[in-house]
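Undergrad: Before anything else, here's the structure in question.
No value in this document is a laboratory result; all are computed from the given coordinates. Small disclaimer: the values here were computed from a predicted structure and weren't measured. With ideal geometry, Cβ positions are generated from the backbone for all residues, glycine too; neighbour counts draw on all protein chains shown.
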Amino acid sequence: MTYLWDLIKREPFAARREIVIATGVSGLANAAIVAIIATAAQTAGYDNINLRYLLLFAIAMTLYIICQRYSAIRMVRITTNIGQTLRVRVVEKLIDSEMPVLERVGTNRVVNALSRDATTISDSGEAMIDGLQAVIFVAFAYLYILWLSLPAFILSLASAVLSVSVAMRNQQLTQTLLGRQRSREVDFLNNVNDAIEGFKETRLNSRRRADLRADIRATSTAVAALREEIEDVHTRSTIIGRSALYILVALVVFALPTLVQTYNKVISETMTAILFVVGPLGLLVGIAPYLARANEAARAICELERQLDAEHASAPRLAANGTPVTLPEGAIALEQVRFAYKGSDGDLFVLGPVSLRIEPGHIVFLTGGNGSGKSTLLKLLTGLYVPDSGLILSGDVPIEHDNLQSYRERFSAIFSDFHLFRRLYGMLGTSETAVADLLQRMQLAHKVQFSGDRFSNLELSTGQRKRLALVVSLLENRSVLVFDELAADQDPAFRRFLYEELFATLKADGRTVIAATHDDRYFHVADTIVKLEYGKVDYVGPYERHV
Ligand SMILES: Nc1ncnc2c1ncn2[C@@H]1O[C@H](COP(=O)(O)OP(=O)(O)OP(=O)(O)O)[C@@H](O)[C@H]1O
Ligand SMILES: [Mg+2]
């Protein structure tokens, strides 16, 4: 239960104390009800109502109702809050983390944690309050039993310890099974992803669809089988736990009177108390699996958070030590920069060492075959990946942790897997006419309107989506523009506009353009061509010499 407890411990102490007090009072009231009924039962008669006990009973009952409701509301608020804040915190850490982290963690794990795990934790409040209440009730009832008879107390305490510990014994096993179920669940999510993203592909090929369907069934069956196994462990431990309880209760009734002389006098009160205790104890045994589930969810979400934290702590900030770092504009230089994608057994792909100087106001084209490292180099240049060795300089200032974010803010980039935001995040309040002008220039005015910081339509063709990304990129008004195969989906007329008009305008404006492209027809537009091959620079220089 440690993970769940760690989460609760982070909540304000005052809130936790209130819950414990309210639950304590309700548990006490609950125990008092038993005591009152047990005592009143002795004085019960056919022709008189015992008013004093009836009144006490009414008071205890009222206390119980008020406190129980109060603590339940507060506890549910705490767990709901934990689930919610945890979820927002993880998303915030995700947007604050670095690219290699997200590539490592994987989308489906994040989705699983944010949807399923957060909800499981939120839902555990009721089980926890029931558990806490049961513990307190049992504690008071046991004090009462102790007051009635020591031997009965010892026996029933033994029964409680035995049954709860039997129920807890399978905790480890349940935890392992829940972990296995989680990874199968991620497999299933991957399948669902295939079914949605690969809709067209499976429509055109029924054998592919049949194979995918078989896989979906298999993973789903595996999840179900694990679920059954977990429920079985749960049922077994509940049955064993409760049986242990009943056997020892039976001992109190059947064996104790023959062994202890004095016991006979208090047998009916003791029995009433024990009968009242059996319910809450059984409940304790029963809720253990729910808590185990919430605990497993807490473990998964905490682990994800820890992974994000590891990088979060070192994620660059715009303002180091509270003061924003200003970087001189100027040439961007790479000096012996090396970067590798790392796999479990060594480097998957090595880029560099690359040395390169990009003058402000220049147009630089990156060329080279598929997989030669163009996109990787663009991510390094923009500071999304940090070099394993070597230096990046901006206006002769080396880029380090403290100025990395300021460095990134020099760029506006359209990567090949760019994302369009419906709202103009980062530029809210931009003049609508400025956007309308750009939409006009990109020949999108008939498809997309812009008002209230929002684009009216993102359901566009591939080429149109890229043009809209270009609109956003130009609005950012950054000194360096980075494009990864921007022209690839454009028609010839727009391609010409892009290379011969737009790039020239940007250059005239003093802006730097760095573009990965295969369009050798337009290489003459560039001041510098950088050709990559297998992660190494094969050629740097003007277009003429390259030819
Ligand atoms: N996230 C990643 N993890 C591991 N390897 C990667 C990753 N991204 C790219 N690679 C590998 O790095 C190499 C260079 O990829 P990159 O995307 O930089 O090539 P590219 O020159 O842009 O190719 P293309 O012209 O096809 O866009 C490839 O061999 C690719 O498999
Ligand atoms: Mg690429």
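Undergrad: Give me the number: length gained by fully extending R423 to L393, i.e. 0.36 nm times residue separation minus the C-alpha to C-alpha distance, one decimal in nm. Each step should come with its number before you reach the end.
TA: Details: separation 30, 0.36 × 30 = 10.80 nm, distance 3.32 nm.
Once the chain is fully extended between R423 and L393, it gains 7.5 nm.
Undergrad: Take every Cα-Cα pair in region 200-288 and report what % of them are more than 23 Å apart.
TA: Values: 2170 of 3916 pairs.
Above the 23 Å cut-off, region 200-288 has 55 percent of its Cα pairs.
Undergrad: If you look at just the Cα atoms of region 114-232, how large are its Rg and its Dmax in Å?
TA: Gyration radius and largest Cα-Cα distance of region 114-232: 23.5, 78 Å.
Undergrad: Here's something else I'd like to know. Using only Cα atoms and rounding to the nearest 10 degrees, what angle (0 to 90) does helix 150-169 make with the longest principal axis of the chain?
TA: For 150-169 against the chain, the angle is about 20 degrees.
Undergrad: Here is a further query. For an R0 of 30 angstrom, estimate the FRET efficiency from the Cβ-Cβ distance between K200 and A493 and round to the nearest 0.05. If you can, show how the numbers build up before the last one.
TA: Numbers: r = 29 Å, r/R0 = 0.95.
The pair K200/A493 has a calculated efficiency of 0.55.
Undergrad: Another question, if that's okay. Residues of region 129-150 with amide nitrogen under 19 Å from the 7 Å Cα-to-Cβ point of A15?
TA: 129-133
Undergrad: Note down the magnitude of the dipole of the chain about its Cα centre, charges +1 on Lys and Arg C-beta and -1 on Asp and Glu C-beta and zero elsewhere, to the nearest 20 debye. Before the final figure, lay out each step's value.
TA: Working: 57 positive and 58 negative charges, 277 e Å.
Using only the charged Cβ atoms, the result is roughly 1320 debye.
Undergrad: Let me ask something else. Multiply the residue separation of M99 and R180 by 0.36 nm, subtract the distance between their alpha-carbon atoms, and state the gained length in nm to one decimal. Could you put the intermediate results ahead of the total?
TA: Details: separation 81, 0.36 × 81 = 29.16 nm, distance 2.76 nm.
Extra length from M99 to R180 when fully extended: 26.4 nm.
Undergrad: For region 503-509, take each phi angle, set θ = phi - 60°, evaluate the Karplus expression 6.51 cos²θ - 1.76 cosθ + 1.60, and give the result in whole Hz per residue in order, putting x for glycine and proline.
TA: Per-residue couplings from phi come out as 4, 5, 4, 4, 4, 4, 6 Hz.
Undergrad: Between V135 and A58, what FRET efficiency follows from the Cβ-Cβ distance if R0 is 22 Å, with the result rounded to 0.05? Each step should come with its number before you reach the end.
TA: Details: r = 26 Å, r/R0 = 1.17.
Efficiency computed from Cβ-Cβ geometry: 0.30.
Undergrad: Suppose every K and R has +1 on its Cβ and every D and E has -1 on its Cβ; what is the size of the dipole of region 1-120 about the Cα centre, in Debye to the nearest 20? Could the numbers behind the result be given before it?
TA: Working: 14 positive and 9 negative charges, 17 e Å.
It comes to approximately 80 debye.
Undergrad: Using 0.36 nm times the number of residues separating R521 and V192, minus their current alpha carbon distance, what extension gain do you get?
TA: On the way: separation 329, 0.36 × 329 = 118.44 nm, distance 4.26 nm.
Length gained between R521 and V192: 114.2 nm.
Undergrad: I'd like the orientation of helix 13-43 relative to the chain: the angle between its Cα long axis and the longest Cα principal axis, in ° from 0 to 90, rounded to 10.
TA: 20
Undergrad: When the Karplus curve 6.51 cos²θ - 1.76 cosθ + 1.60 is applied with θ = phi - 60°, which whole-Hz ³J(HN,Hα) does each residue of region 251-257 get, with x for Gly and Pro?
TA: Rounded to whole hertz, the list is 4, 4, 6, 7, 8, 4, x.
Undergrad: Of A434, L393, S412, which is farthest on the positive side of the dipole of region 393-437, counting Cα position, with +1 on Lys and Arg Cβ, -1 on Asp and Glu Cβ, and the Cα centre as origin?
TA: My answer, from the dipole projection, is A434.
Undergrad: Output the 0 to 90 degree angle, nearest 10, between the alpha-carbon long axis of helix 462-476 and the longest principal axis computed from the alpha carbons of the chain.
TA: 90
Undergrad: In whole Å, what are the Cα extents of region 1-144 along the three principal axes, biggest one first?
TA: Projected onto its principal axes, the Cα set of region 1-144 covers 81, 23, 23 Å.
Undergrad: While we're here: Answer with one residue from L132, L251, W5: the one whose Cα lies farthest towards the positive end of the charge dipole of the chain, charges on Cβ with Lys, Arg +1 and Asp, Glu -1.
TA: The one lying farthest along the dipole's positive direction is L251.
Undergrad: What spacing in nm lies between the two simple spin-label points modelled at K342 and K536, each 7 Å away from Cα in the Cβ direction?
TA: 2.4
Undergrad: Among the GluC sites (Glu not before Pro) within region 407-478, which fall in a DSSP loop and have no more than 12 other Cβ atoms within 10 Å of their own Cβ? Could the numbers behind the result be given before it?
TA: Numbers: sites: E409, E432, E459, E476; in loops: E409, E459.
Here the GluC sites (Glu not before Pro) that fit, given the DSSP loop and packing criteria, are E459.
Undergrad: If the cut-off is a Cα-Cα distance under 22 Å, which lysines reach K342, setting aside same-chain residues fewer than 8 apart in sequence?
TA: Partners within reach: K374, K379, K536.
Undergrad: Continuing with the same structure: Give me the net charge of S220's neighbourhood, meaning all other residues with Cβ under 13 Å from the Cβ of S220; Lys, Arg count +1, Asp, Glu -1.
TA: Working: positive: R184, R213, R217, R227; negative: E185, D187, D215, E228.
Net of charged neighbours comes to 0.
Undergrad: Now, a different point. With unit charges on the beta carbons (Lys and Arg positive, Asp and Glu negative) and the dipole taken about the Cα centre of region 62-202, which residue among T79, I154, N191 sits farthest to the positive side?
TA: So the residue furthest toward the plus end is I154.
Undergrad: Taking the Cα centre as origin and putting +1 on Lys and Arg beta-carbons and -1 on Asp and Glu beta-carbons, what dipole magnitude results for region 418-547, to the nearest 20 debye?
TA: Details: 17 positive and 18 negative charges, 55 e Å.
It works out to roughly 260 debye.
Undergrad: So, one more: What shape does the chain have by the C-alpha gyration tensor, where a ≥ b ≥ c are the square roots of the eigenvalues, rounded means a/c under 1.5, and otherwise prolate means a/b greater than b/c and oblate the rest?
TA: In terms of gyration-tensor shape, prolate.
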